[in-house]
Amino acid sequence: MPWDPLSEEQREIRDLVRTLTRERIAPRAAEIDESGDFPWDMVELLREHEIFGLAFDERHGGANAGSLMLLVAVEEISKADATVGLILAVQELSSLALRLAGTEEQQDRFLPKVASGEWIAAYALTEPGSGSDAAAMRTEARLEGDEYVLNGSKRFITNAGVAHLYTVFAKTDPCAGHDGISCFVVEADAPGFEIGRIEPKLGIKGSTTGEVFLNDCRVPAANLIGAEGDGFKIAMRVLDRSRPGIAAQALGIAQGATDYALAYAQTRETMGQPIVDHQMIAAKLADMETKCEAARGLLYKVGVMIDEDAPDLTKYSAMAKLLCSDVAMEATIEAVQILGGYGYIKEYPVERMMRDAKITQIYEGTNEIQRLVIAREMVRENRSSALTEVG
Ligand code: COS
């Protein structure tokens, strides 16, 4: 049994998720990719086994099992199906603003439905003209009586059209830059809330990615999360805690591809021996395994940091997202190579894994943004070199 930092109870939950993944999720993975339909049966499975509530407080119907546990669950599921892993990760992303900055009344109103999975949630930050530069958003919200009226559009929104609750960012003061952004809960049936095009994509095909239009969309003033102007910082604090979820999805894909390639290499023979006995194949597998394990070390450390409310989370969260997603891309490309021609056809899962891996280097902040965040934090640390004089 490999070493890990999990408690006995956490291992039991991991075993349950592993069993569900092997018996119920893996058999659906190719179909979900092929049809591109949102897998409501998988949502039902996660609901039934109370997986959505793993990291939520007991007060909101959760298991209070912590962020590390959630990351492990996303990783395990994503070994077989990155779309289903994403559904779990995005439920976390989309409820974090409420959990970090919502009032008790707001939390009690919304979180139990999200923790149980009765409601699917979405996070609407990105716009057609503002992705990496989140503060450049143009969606506006103005207070009219006891309602906010939102106007604008959002793009690349995961769970668009299937979510019941959207965490939406909009400018309440368009002249105030970062400090003019506010955060709202918008329910899918709010007047003026519309879903636009659902994008056809390279991978994670069962997950919806779509446009959201806010045309004089009215929400109760009580749906403002935090104070007016708190939105940008809330968005960043959320991403510090949600990027590890994407890292976990990426690591799951990487390990899933590595495990599949290993099993294949042990049975496939060329030149009179299993290809795993050819040194060039063995070296690829050894590198894939080593990179997965290194990525896991960083990811689990970040899980513990979130659970312990550690400072400098920003840097470590960005590092975990960067490393795990780059490892996912490298490992899946190598897995396809190890399977050769079989790696390139749909009968085998590694081409799907390679397509699914790509998005993990892009969403929740491109890896270029992660590098920028990491380097900024390094400069802020103001540390000294072991060599006393530099330059
Ligand atoms: N936690 C808390 N506060 C934060 C923060 C964090 N992680 N990061 C920044 N802030 C604060 C800063 O301290 C600053 O506060 P003051 O104005 O009080 O000094 C304010 O927010 C503005 O920060 P900064 O100047 O760093 O903002 P930038 O516009 O330069 O943007 C990046 C920073 C690029 C990091 C941000 O826009 C980003 O993360 N972009 C990617 C967005 C993304 O991931 N989108 C994916 C889609 S959402 S799933």
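The values are calculated or read from the model by the stated rules, or taken from the named source; none is laboratory data. Quick caveat: nothing in here was measured; it's all calculated off a predicted structure. All Cβ positions, even for glycine, are placed from backbone atoms using ideal geometry, and neighbour counts span all protein chains on display. Heads up: the accessible areas ignore ligands, DNA and RNA and are worked out on the full protein's heavy atoms, side chains in. Shrake-Rupley method; radii C 1.70, N 1.55, O 1.52, S 1.80 Å.
Worth a mention:
- Of the residues making up the range 75-87, one or more are touching a Leu at 6+ places or on another chain (Cβ under 8 Å), in a helix (DSSP H, G or I) and within 15 Å of the ligand (Cβ to nearest atom).
- Condition met for Arg355 (open to solvent by 10 Å² or more (accessible area, probe 1.4 Å), basic (Lys, Arg) and either assigned by TED's automatic domain parsing to the domain that holds Ser78 or within 12 Å of the ligand (Cβ to nearest atom) (or both)): no
- All positions within the range 226-254 that are surrounded by fewer than 24 Cβ atoms within 10 Å (Cβ to Cβ) and either acidic (Asp, Glu) or over 11 Å from the mean Cα position of the chain (by Cα) (or both): Gly226, Ala227, Glu228, Gly229, Asp230, Phe232, Lys233, Ile234, Ala235, Met236, Arg237, Asp240
- Scanning the range 101-136 for residues that are of a type in the set (A, V, I, L, M) and more than 10 Å from the ligand (Cβ to nearest atom) yields Ala101, Leu111, Val114, Ala115, Ile120, Ala121.
- Criterion violated by Glu118 - all others in (1) open to solvent by 30 Å² or more (accessible area, probe 1.4 Å); (2) free of Cβ contacts under 8 Å to residues at least 60 places away in the same chain; (3) in a loop (DSSP other than H, G, I, E, B) satisfied: (2)
- Residue that is farther than 21 Å from Ala163 by Cα and either among the β-branched types (Val, Ile, Thr) or open to solvent by 50 Å² or more (accessible area, probe 1.4 Å) (or both), where the choices are Arg18, Arg109, Arg99, Arg47: Arg18
- Annotation note: of Ile362, Ile369, the sole residue that is assigned to a helix (DSSP H, G or I), surrounded by 10 or more Cβ atoms within 10 Å (Cβ to Cβ), outside the structural domain of Ala82 (by TED's automatic domain parsing) and among the β-branched types (Val, Ile, Thr) is Ile369.
- Among the candidates Ser207, Ser242, residue that is assigned by TED's automatic domain parsing to the domain that holds Asp189, in contact with a helix residue (DSSP H, G or I) (Cβ under 8 Å, 6 or more places away or on another chain), of a type outside the set (A, V, I, L, M, F, W, C) and under 19 Å from Ala73 (Cβ atoms): Ser207
- Residue within the range 51-65 that is surrounded by fewer than 17 Cβ atoms within 10 Å (Cβ to Cβ), at pLDDT 95 or above and in contact with a helix residue (DSSP H, G or I) (Cβ under 6 Å, 6 or more places away or on another chain) present: yes
- The range 197-215, residues that are in a strand (DSSP E or B) and out of contact with any Leu (no Cβ under 8 Å at 6 or more places or on another chain): Arg197, Ile198, Thr209, Gly210, Glu211, Val212, Phe213, Asn215
- Unique residue being closer than 29 Å to Thr360 by Cβ, buried (at least 24 other Cβ atoms within 10 Å of the Cβ) and either modelled with pLDDT of 95 or more or not basic (Lys, Arg) (or both) when the list is Leu202, Leu214: Leu214
- Where a residue in the range 44-60 is among the acidic types (Asp, Glu) and its partner, wherever it lies, is open to solvent by 80 Å² or more (accessible area, probe 1.4 Å), with Cβ under 9 Å and at least six apart: Asp57/Asn64; Glu58/Asn64
So that you can scan it fast, the table gives a plain yes or no per residue for (1) at pLDDT below 95; (2) under 23 Å from Met69 (Cβ atoms); (3) in the same structural domain as Gly203 (by TED's automatic domain parsing):
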{"residue": "Trp3", "(1), (2), (3)": "yes, yes, no"}
{"residue": "Ile13", "(1), (2), (3)": "no, yes, no"}
{"residue": "Arg18", "(1), (2), (3)": "no, yes, no"}
{"residue": "Glu23", "(1), (2), (3)": "no, yes, no"}
{"residue": "Pro27", "(1), (2), (3)": "no, no, no"}
{"residue": "Glu34", "(1), (2), (3)": "no, no, no"}
{"residue": "Phe38", "(1), (2), (3)": "no, no, no"}
{"residue": "Asp41", "(1), (2), (3)": "no, no, no"}
